[in-house]
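Worksheet for the structure shown next.
The values are calculated or read from the model by the stated rules, or taken from the named source; none is laboratory data. Computed from a predicted model, the values in this text were never measured in an experiment. Every residue, glycine as well, gets a Cβ built from its backbone with ideal geometry; the counts of neighbours run over all protein chains shown.
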Amino acid sequence: MPRSNRPRRLTSGKGGGPAGKGAGKKGGGEIPELDLERARAGIARRESAPDGEWMVRTMTAKNAEKTYICPGCSTAVLPGVAHLVVWKDDHLFGAAAGLADRRHWHTNCWMSRSYRYR
C-alpha cells in the first residue's frame, strides 16, 4: 500500500504536523544567512616569493578595526581600510612563531614590495 502524503494526526499535546512549531526542523530557530564575504576573507592562501613562503589572508574593510603600521611604507593602516595580514610560512622557529610575527600590509605595498635583503 502506498504511503499517504497527508499529515499525521496529533496524538498528544506536543507539536508536530505542518501547523505545529518546528515541523521538520531541529531546534526550530531561524537559519542565519551565510555571509560569503566573511567566509572568503578568513581563508589564508600560500604565496611563494624569492624571499620565502608566505601565508596571506585578506582583511576586509568591515573587519579592520585597529590601526597597524605597514612594513612596506611605514605608514598607518587605518581602521576601515581593507588590507592583507601576512606571515612567514617557513619561519625558522616553526609555523606558530611565524603566525605570532604576522604583519598587516597595505595591499598595494605587498604587491609592489621588492625582494632585496632587508
Output the residues belonging to the stretch 78-105 that are more than 19 Å from SER48 (Cα to Cα), of a type in the set (A, V, I, L, M, F, W, C) and touching a Lys or Arg at 6+ places or on another chain (Cβ under 9 Å). ALA82
Quick one: count up the residues across the stretch 69-87 that are more than 19 Å from the chain's Cα centre (by Cα) and either under 22 Å from GLU47 (Cα atoms) or assigned to a loop (DSSP other than H, G, I, E, B) (or both). 9
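Please tell me if GLY13 is modelled with pLDDT under 55 and more than 30 Å from ALA100 (Cβ to Cβ).
So GLY13 fails the test.
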Out of the residues in the stretch 77-113 meeting the condition of being in contact with a His (Cβ under 6 Å, 6 or more places away or on another chain), crowded, with 17+ Cβ neighbours inside 10 Å and aliphatic (A, V, I, L, M), tell me which one is farthest from ALA61 (Cα to Cα). VAL85
Out of (1) touching a Ser or Thr at 6+ places or on another chain (Cβ under 7 Å); (2) modelled with pLDDT of 90 or more, the odd one out for GLU37 is which? (2)
Those residues that are aliphatic (A, V, I, L, M) and assigned to a loop (DSSP other than H, G, I, E, B), I need them from the stretch 88-111; list them, please. LEU92
Could you tell me whether the stretch 48-64 includes any residue that is exposed (fewer than 14 other Cβ atoms within 10 Å of the Cβ), of a type outside the set (D, E, K, R) and at pLDDT below 80? no
